[in-house]
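K.L.:
Shown below is the structure under consideration.
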Amino acid sequence: MNHILRLSFALTLFFAVGFVSAQEDVMDFCTPEATPVVVPSVEARTVMFLSSIAHGDPTPALNFIVAEGYIQHNLGLPDGRESSIGMVATMGGEPGTSANVHRVFANGKFVVAHSTFNVPIMGLEATVFDVYRVDENGMFVEHWDNVQPVMEPNLSGRTAVDGPVIATDLDKTQENCELVVDFVNTVMVGGAEGVDLTDYINPEMYIQHNPTMADGIDGFTDALAALEEANQVMSYNQIELVVAQGSFVFIASEGLSGDADNPTPTAFFELFRVEDGLIVEHWDVVSPIPPQEEWQNDNGKF
């Protein structure tokens, strides 16, 4: 657990938007914005920064993180650029250290990356979702992330990161965003009773990358039933972050997981792929939220 938190503290990037509470907010929230036009692009800056962790090179952090006022939601790192520079230097450069960004996309002031990191110095290989908020100059000004250990392929033989890497259907960003936000609010937050899942999920093709679930709607519902039978909980309280580009919709939610009698505060970072108006693929990174006495900043997970 400490290794997971330490790695989370070390990987600096992620994004946010606000909590969606009303349909009119959803409409505004899901409306595409113009991403800052900078060189390198915000996507390239994100890849360069993440890759720098493998080499211990502070240059991308110096070039792409604002010198003053950098807000950190990784609860193991203090605010400010210097803590990120120090962590890159500490983690990187060791033999076998690697950083692989599998997919990255941006919308407006937010950029999302889905990566795996191998950090031998910590004895850990991890899957990570990162998000940055950028300013009008494309500089990173705020960061969120979620980390979990790399696990074996799931029952359908899928890993946590394989699958399509490029967002398509860019003209459908808003409608795809609204579909996924409605799904999470109705099914995961609302509890799904009486909901026809085929209103949201393609019954013929639902590709699942969660390490404990199999493909298909049945794989999803069977996993939830198994949790209930084992007196385990996976409950969502509310959506906290949303970023969408075309077929990709990223949502971060706050909730509870673990023993139903003593659940753990948990962050759920998820990426959905939408095709022809239905969800066809899902990736996630689930991680406990550390207790407040362990926080190195006062910003909270979100």
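The values are calculated or read from the model by the stated rules, or taken from the named source; none is laboratory data. From a predicted model like this one, the values you see are computed outputs, not experimental measurements. Here Cβ is always computed from backbone atoms with ideal geometry, including for glycine, and neighbour counts include all displayed protein chains. Heads up: the accessible areas ignore ligands, DNA and RNA and are worked out on the full protein's heavy atoms, side chains in. Shrake-Rupley method; radii C 1.70, N 1.55, O 1.52, S 1.80 Å.
K.L.:
If you take every DSSP beta bridge fully contained in the chain, what fraction is antiparallel? Give it as a percent rounded to 5.
P.N.:
Among the beta bridges of the chain, antiparallel pairing accounts for roughly 90 percent.
K.L.:
Sticking with this structure for a sec: What does the accessible area per residue of the chain come to in Å², with a 1.4 Å probe and no ligands, DNA or RNA counted?
P.N.:
42 Å²
K.L.:
Computed FRET efficiency, Cβ-Cβ of T59 and N100, R0 25 Å: what is it to the nearest 0.05?
P.N.:
About 0.80, to the nearest 0.05.
K.L.:
Run through all the Cα pairs of the range 204-250 and give the fraction in each 5 Å bin from 0, expressed as whole percent.
P.N.:
Percent of pairs per bin, in order: 5, 17, 18, 20, 23, 13, 4, 1.
K.L.:
Here is a further query. Ranked highest first by average number of other Cβ atoms within 10 Å, how do 258-268, 77-87 line up?
P.N.:
With the highest mean Cβ count within 10 Å placed first, the list reads 77-87, 258-268.
K.L.:
If the chain between D135 and V195 were fully stretched, how many nm would it gain, using 0.36 nm times the residue separation less the Cα-Cα distance?
P.N.:
Separation in residues times 0.36 nm, less the Cα-Cα distance, equals 17.6 nm.
K.L.:
Alpha carbons only, please: Rg and Dmax for the range 182-225, in angstrom.
P.N.:
Calculated on Cα positions, Rg and Dmax stand at 10.2, 27 Å.
K.L.:
Measuring from the lowest to the highest alpha carbon on each principal axis, how far does the range 148-230 reach, largest first, in angstroms?
P.N.:
Principal extents (Cα only, largest first): 40, 33, 26 Å.
K.L.:
On the Cα set of the range 75-201, report Rg and Dmax in Å, please.
P.N.:
Using the Cα atoms of the range 75-201, the pair Rg, Dmax is 17.9, 53 Å.
K.L.:
Hey, rough spin-label estimate for T90 and D162, points 7 angstrom out along Cα→Cβ, what's it come to in nanometres?
P.N.:
Modelled inter-label distance: 3.5 nm.
K.L.:
Here is a further query. Can you pull the Kirkwood radius for the range 218-277, inverse mean 1/r over Cα pairs, to one decimal in Å?
P.N.:
12.9 Å
K.L.:
How high is the relative contact order of the chain, given as a whole-number percent (alpha carbon pairs under 8 Å, six or more residues apart)?
P.N.:
So the answer I get is 21 percent.
K.L.:
Please work out how much length the chain gains when fully extended from D298 to A260, using 0.36 nm per residue of separation minus the C-alpha to C-alpha distance, in nm with one decimal.
P.N.:
Difference between extended and current length: 10.9 nm.
K.L.:
Okay, moving on. Grab the eigenvalues of the alpha-carbon gyration tensor for the range 246-292, scale each by 5, take roots, and send me the semi-axes largest first in whole angstrom.
P.N.:
Gyration-tensor ellipsoid for the range 246-292: 28, 11, 7 Å.
K.L.:
Could you check how many percent of all C-alpha pairs in the range 101-175 are farther apart than 21 Å?
P.N.:
In whole percent, the long-distance tail amounts to 42.
K.L.:
Moving on to the next point. When the chain is fully extended, how far beyond the present Cα-Cα distance does A34 get from N237, taking 0.36 nm per residue of separation?
P.N.:
That works out to 70.0 nm of additional length.
K.L.:
Further question: How long are the semi-axes of the equivalent ellipsoid of the range 167-302, defined as square roots of 5 times the Cα gyration tensor eigenvalues? Whole Å, largest first.
P.N.:
25, 20, 12
K.L.:
Using only alpha carbons, build the gyration tensor for the range 54-99 and give me the equivalent ellipsoid semi-axes, biggest first, whole Å.
P.N.:
Values for the range 54-99, descending: 20, 12, 7 Å.
K.L.:
Carbon and sulfur: what percent of the chain's accessible surface (1.4 Å probe)?
P.N.:
Carbon with sulfur: 50 percent of the solvent-accessible area.
K.L.:
Taking R0 as 35 Å, what FRET efficiency do you get between V66 and L124 from their Cβ-Cβ distance, rounded to the nearest 0.05?
P.N.:
FRET efficiency, V66 to L124: 0.75.
K.L.:
Please report, for the Cα atoms of the chain, the Rg to one decimal and the Dmax as a whole number; what are they, in angstrom?
P.N.:
18.3, 53
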